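Working notes for the structure below.
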Amino acid sequence: MEDCTLEEQLLLHAKEGNCPQVERLLQSRIHQNSSLNINCRSRSKTCSGWTPLHLACSFGHRDVVEELLKAGADVNLQNNLGDTPLHKAAYAGRKEIVLLLLRYDACANIINGTAQIPKDVTEDDEIITMLEAAERRAARRHEEKLLEAAREGDISTLSKLLNGKDAPDIHCRDSVGNTPLHCAAYRGQKQCVIKLLKCGANPSIKNNNAQTALDLVCTDELKQILAAYKNKDMSSVVQKIEGPLWKSSRFLGWRSHWVVVENGTVSWYPRQANALAGVRKQGCKSLSQAYCMVKPWDHCFFMLRCFDDSVHYFKVPSQTNAVATRKRWLDAFEEHASYCTRHDTEEVIIDDAAGDVRVRNLEQALQAARAFQQKLESEVSTFLSMAKNEENYELTGTLLLKAKETSELSSETCSALHLCLELLSKQEEVWSLKVEQEVEKNKALTEALQTLATENHELKQSLSKRRKSSNLSTLNEDDFYDAVSESESEHSLSGFLSVASYSCEEDEGRDTPFLNTLRRPSAYRGPSGMSGEGNHGNQPSQHNGVKHRTSLPAPMFSRNDVSIWSILKKCIGMELSKIAMPVVFNEPLSFLQRLTEYMEHTYLIHQANATTDSIERMKCVAAFAVSAVASQWERTGKPFNPLLGETYELIRDDLGFRWMSEQVSHHPPVSAFHAEGLKEDFVFHGSIYPKLKFWGKSIEAEPKGVITLELPKYNEAYTWTNPTCCVHNIIVGQLWIEQYGSVEVLNHKTGERCSMTFKPCGLFGKELHKVEGYILDKSKKKLCAIYGKWTECLYTVDPATFDAHKKTEKKNPDEKKGNKQTSVDEEPEETPPPDTETVQVIPGSELIWKITPRPENSSKFYAFSTFAMQLNELDKRMEGVIPSTDSRLRPDICAMEKGDIDLASAEKKRLEEKQRMARKNRTKSTEEWKVRWFQQGPNPHNKAQDWLYLKGYWDRNYSQLPDIY
């Protein structure tokens, strides 16, 4: 409190100009060892964030300013609006104070919150002149440092100056007109020469004696590098050419395109307007080592063969002077190909030279550091021997001298290691640049893939129409943007991300209006379920004397009128969690309820508890981990985003568990859950935070968060994470889902683990839905193999038998041949491979999990299992018992379940608006959101960040709950 009082006094005296009191406070800092902060900030509304120096400068107290500067006040500190003391002095017209601040190295180039530097805030000509002179003086200091670094070969300083925020002019000159490149070339500083050239130094500039850097260089190696850059600079300007050309497509024949040849690259677009806007690029090719060929009898045709042996056929429009037009295009292609080839060759020369220098110097530096280290160890050993032999425990002159030599050698060792670190950092810069180049190449490949997908889809439409009619129909180029599909079995995107991730919906968004694009929902292949044998949640069940429902109040409605691509194509580049989706894509469940479907297979946990063998328990837990993602298959609806503070509970006496979950965070969206056995025989808890990525043709959901299962009977804990979920064909074709990635279930007590791989589809769909892995002991010895499909079943078998079967499978040529036979109408990316093939059972295998069919009416009710149909059921005995935040009481979900889509949409918007207003009100006040039933902390078993249950929920004390509905 005393320190705070002193700071308030300092601010007050600086504002009033009371210099003696300011001096007293500053001296007390030294003599009384006070913790007074000289750069303390004002909290008043009118001077928010102002330091004493700001106040003294603004009110014109020069003597106070000088005392503060002498005491070490930060002259360039910015207040809450970004103003420095120099801004305040300039604005108030305090000339003497401006001059005093500049003497203490005040920066005249700092930009404030209104994008103004100090000279922009004043109208006094003298102050403007002083500030401009300070700018020039600072710039000249930077230039002199750059010239000195180039002369001395100080690559570290040179790089910092050129890569800094206010980099000096790379073409600055010394007294005789030499640029930094002249200085580095004359002194033979190879690294500096390469760095300057890569940063844009012009090797053609001449000094006062009419000499270029090439004229001053001494070594042949540097001459070659400078000559390559000089040629590159001379040939850097190559004329751009663009215009209409006919281009041949493999599928669609000749079509008109707007072709652009620029900087050694040819690109083609549907129309000129697309080229100007830089959108809808149909293809792009580098002209490096490319050449053209013509047919003498056809004056319009020419062929372009590229470096990768790809061939492109073009024709000039016949309405023009074909011969002259074609010659103009051929000359342009030849000129750009020559430019591109030469440009690539020169870059290779320079990059190789730079790489050699870095590698050679790094090796030398490491050798020097190693030699110094050996000497240091020898000297230290000698020093210790001398110290031990000193009988009188007094340091003689010889001993002191040896200590000094040891210290100097230690400094040399540190310097050598510092040089190694600098060279490594330079190497890192090179790799960063290469990564950026690879990203650009990847972007071009993505555009090419999009073009290929479009042509392929158009070809399919053409073939489909040709089968129906003998007349050839013409395709419209704009069809791609509506992603029209003839398929009767296409899936909607929403909901596929479910447990692996969820909702693309954002509470602050607005529902995208329904577009006229047609997109047909899934024609379900037939009932399929997610439970095991017997009554494990999927069969009609009864407990506590209450019979559970076997259907929803109303069937699902059609999604024919909405295309998911018509929404997502406008959101490329946006974070997926901020894309609003129409309520038509939802299913009448909250994500918290969707998470509860983990417990549909609780019988697997009970089986694990019933066995005394840790390996058998691991089999059951691994099967439980796989079965948790199985509920996603053929679920075309997306669960509703939980509101912050929303909860859900479920008690199932027949399955032996009780569950509760809470939405603990909204940005990012995090859902935490906790389940326990009714006989206290297990605890199952975790938190889910999906990481969504939009790849253009697909959406990938990488699950974040830890899932934990504890078995108190054996004092065991198992942890794992879910696999990655991916939805394919967002642009065109049939939507389909796959799970892939590694899942490792770890027993923290025994060290045993089950390492499973969810196989990606592959080129011919052979691996679709497959799961394979091994149960390993603590020493990573294979104890058991596990295999199957996450949509069907899982088996275990002896690992030797499994490995032998895999080898036989690879050697079987007939099966390979059969897998390669695909029809004309189906390609792996466009259509999901058929999933009717059952798992091939290896002799000696043991079945550990198998799904049972979903109920017959599943296709009418969002492909729900019976367990899912019961999740939103509200029994009369629950009313007044469950908290008001329970998902069953959400009005939008209730309306959708009853089939009232308009009411559901209106309620969804109302709840989103209410949540948004509540968040704004919290930001205006000091109130912070408090999570009720969970707290963030490390997982007790693997120390990963997690949300842990606080207990108390089942006490039924629900006072002071937030009004979220």
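No value in this document is a laboratory result; all are computed from the given coordinates. Nothing here was measured: the structure is a model prediction, and the numbers come from that model. Cβ coordinates were reconstructed from backbone atoms using ideal geometry, including for glycine residues, and neighbour counts include every protein chain displayed.
Kindly rank 884-893, 115-124, 310-319, 150-159 from highest to lowest mean number of other beta carbons found within 10 Å of each residue. Provide the component values of the computation, followed by the final result.
Values: 884-893: 21.2, 115-124: 17.6, 310-319: 14.7, 150-159: 19.6.
Going from most to least packed, we get 884-893, 150-159, 115-124, 310-319.
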How long is the gain from A371 to S35 if the chain were fully straight, where each residue apart is worth 0.36 nm and the alpha carbon distance is subtracted?
116.3 nm
Which order do the peptides 65-71, 288-294, 602-608, 916-922 come out in when sorted by mean C-beta neighbours inside 10 angstrom, highest first?
602-608, 65-71, 288-294, 916-922
Where labels lie 7 Å past Cα in the beta-carbon direction, separation of W254 and Q960 in nm
8.0
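When the chain is fully extended, how far beyond the present Cα-Cα distance does K781 get from L424, taking 0.36 nm per residue of separation?
Working: separation 357, 0.36 × 357 = 128.52 nm, distance 3.93 nm.
Taking 0.36 nm per residue and subtracting the Cα distance, the gain is 124.6 nm.
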Please order D946, D298, D125 by the number of other Cβ within 10 Å, starting at the fewest.
D125, D298, D946
Of the peptides 79-90, 264-275, how do they stack up when ordered by the mean number of other Cβ atoms within 10 Å, highest first?
79-90, 264-275
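Expressed in nm to one decimal, what extension gain is obtained for the pair Y291 and T46 from 0.36 nm per residue of sequence separation less their Cα-Cα distance? Could you put the intermediate results ahead of the total?
On the way: separation 245, 0.36 × 245 = 88.20 nm, distance 7.02 nm.
The Y291-T46 span can extend by a further 81.2 nm.
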Determine the distance separating the Cα centre of the stretch 255-282 from the Cα centre of the stretch 146-172; give it in Å without decimals.
40
Give me the orientation-averaged projected area of the Cα convex hull of the stretch 139-234, in nm², one decimal.
5.5
Checking the a/c ratio against 1.5 first, then a/b against b/c, what shape does the Cα gyration tensor give for the stretch 2-123?
prolate
How high is the FRET efficiency from I615 to K693, r the C-beta distance, R0 30 Å, rounded to 0.05?
0.25
Between N109 and L81, with labels modelled 7 Å along Cα→Cβ, what's the label distance in nm to one decimal, could you check?
2.5
Quick check: pseudo-label points 7 Å beyond the Cα along Cα→Cβ at F557 and R916, how many nm apart are they?
2.2
Could you tell me how far the Cα centroid of the stretch 610-642 sits from the Cα centroid of the stretch 307-341, in Å?
59
Dimensionless Rg/Rh of the stretch 120-177 - Kirkwood Rh, Rg from C-alpha atoms
1.11
Distance from the Cα centre of the stretch 4-20 to that of the stretch 87-109, in angstrom?
21
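What FRET efficiency comes out for the pair A804/A944, r = Cβ-Cβ distance, R0 = 35 Å, nearest 0.05? Write out the running numbers ahead of the final one.
Numbers: r = 38 Å, r/R0 = 1.07.
E(calc), rounded to 0.05, equals 0.40.
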The stretch 243-345: radius of gyration and largest Cα-Cα distance (Dmax), Å
13.2, 40
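Quick check on the stretch 579-634: what are the equivalent-ellipsoid semi-axes from the Cα gyration tensor, as sqrt(5λ), descending, whole Å?
Details: eigenvalues 214, 20, 11 Å².
After scaling each eigenvalue by five and taking roots: 33, 10, 7 Å.
Counting other beta carbons within 10 Å of each residue's own, what order do E846, E897, E143 fall into, fewest first?
Numbers: E846 13, E897 23, E143 19.
Fewest-to-most ranking of E846, E897, E143: E846, E143, E897.
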Please rank C300, C784, fewest neighbouring Cβ atoms within 10 Å first, as an exposure proxy.
C300, C784
